[in-house]
């Protein structure tokens with residue numbers, strides 16, 4: 001035990017080591033505070049949805065009077081959807097920083113509404129904001145290098161290794177203790193702030209343990225790389241330069257090159273092109289006979305085909321029908337887009353087995369439910385809810401049933417995942 005205490009005292013005597021550890025702890029706290037503030041701001045915005053929606057619905061209802069056309073109600077009524085954050089989201093903000101977490105939808109064409117919200121290029125959202133995942137992936141390896149690069153070279157350069165080898169002791173045991181002490185202190189500087197933040201955010205004990213195990217595994221990878229370089233017998237400057245170069249390649253260059261390769265290998269149209277195609281299909285419906293629009297609609301949705309024929313006046317069931325036809329027209333494009341995004345995500349996950357920084361990001365965002373799969377799942381919930389809205393308003397439109405103020409409150413309500 002005295003040998004372990006001796007190694008701890010040696011570490012604490014090094015001003016550079018102490019300064020590095022303090023800086024790591026401060027950066028860890030800053031990253032956690034940044035993530036918590038971002039997620040809390042989203043929670044506060046989501047909490048205001050109910051009040052704001054009630055005010056908007058009351059204004060629409062008052063403007064249309066006691067009785068109105070269901071098509072007008074469908075056209076002017078916006079219905080909120082939202083994607084509440086998981087407790088661990090603060091640690092890896094992921095897609096929640098670049099993708100919409102709230103979206104108001106109408107019972108009109110959905111694809112344009114969804115993809116108008118995607119005002120970003122998800123494939124180029126590489127590093128993300130400064131959160132706990134960013135700290136772990138990009139900055140922690142530098143602190144490992146700072147504390148581990150001269151484990152052996154400092155002893156060689158000072159001449160102490162020759163003296164130590166003349167003593168009846170195993171050098172391997174000495175270096176192992178030194179490595180474990182530094183590894184443990186690095187882990188504590190990360191684990192303590194993260195655990196405190198996780199408890200305050202009501203993260204489950206199992207998830208806390210899982211993240212801490214991931215941190216250990218990532219530290220072990222970079223520690224092993226440092227030991228591999230240290231045992232080459234080079235001086236401290238060469239060790240530091242070699243490890244810094246390895247960090248640039250492993251954490252920056254290789255993931256970027258791999259991302260470009262994935263994008264080239266799995267081409268995906270942008271969501272804006274789907275929204276544009278849907279709008280073109282909707283606008284084209286104004287230029288063709290209304291009967292053609294209704295035949296196309298009834299062929300896909302025969303349950304509404306018993307509706308009375310259109311007269312010469314404008315009728316909202318025609319208007320909503322060609323919006324639905326527009327969605328159906330771009331459905332193959334939306335499916336291709338979804339398939340491409342999923343294949344890119346799967347390729348990135350596979351890449352994580354070869355590149356630990358990528359693997360760490362993938363694992364953290366998956367546990368935090370902030371990855372692309374979580375975003376796509378939110379879109380699926382929006383589509384399910386939109387289908388409920390359409391069926392509700394179609395029930396009035398295609399039977400020429402009057403829509404009253406009380407019917408606004410009977411419209412389906414969005415149910416989030418949690």
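Summary table
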read-out	value
Centre separation in Å (Cα based) which lies between the stretch 253-277 and the stretch 228-245	37 Å
Ranked by how many other beta carbons lie within 10 Å on average, peptides 144-151, 238-245, 7-14 from highest	144-151, 238-245, 7-14
Residue-averaged 222 nm ellipticity for the chain, from DSSP H runs of 4+ at -39500 (n - 2.57), nearest 500	-22500 deg cm²/dmol
Cα→Cβ-extended label distance, 7 Å offset, between residue 227 and residue 213, nm	2.1 nm
Helix axis angle, 205-230 relative to the chain longest principal axis, alpha carbon, degrees	50 degrees
Burial order of peptide ranges 347-357, 131-141, 259-269, 93-103 (average beta-carbon count within 10 Å, highest first)	131-141, 93-103, 347-357, 259-269
All-pairs alpha carbon distance profile, the chain, 10 Å steps from 0, percent	4, 18, 22, 19, 14, 10, 7, 4, 2, 1, 0
Full-stretch length increase - residue 339, residue 253 - with 0.36 nm per residue and alpha-carbon distance subtracted	28.3 nm
Evaluated over the stretch 1-81, the Cα radius of gyration and Dmax, each in Å	28.7, 86
Spin-label model distance (nm) - residue 188 vs residue 314, 7 Å beyond Cα toward Cβ	7.3 nm
Potential extension, residue 295-residue 78 segment - 0.36 nm per residue separation minus Cα distance	75.3 nm
Tilt relative to the chain, helix 171-200 - C-alpha long axis, 0 to 90 degrees, to 10	30 degrees
Point-to-point label distance, residue 260-residue 238, nm (Cα→Cβ direction, 7 Å offset)	3.2 nm
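Every number here is computed from the coordinates shown, using simple stated rules; none is lab data. This one's a predicted model, so the numbers in the text were calculated from it and none came from an experiment. Cβ: placed from backbone, ideal geometry, glycine included. Neighbour counts: every protein chain shown.
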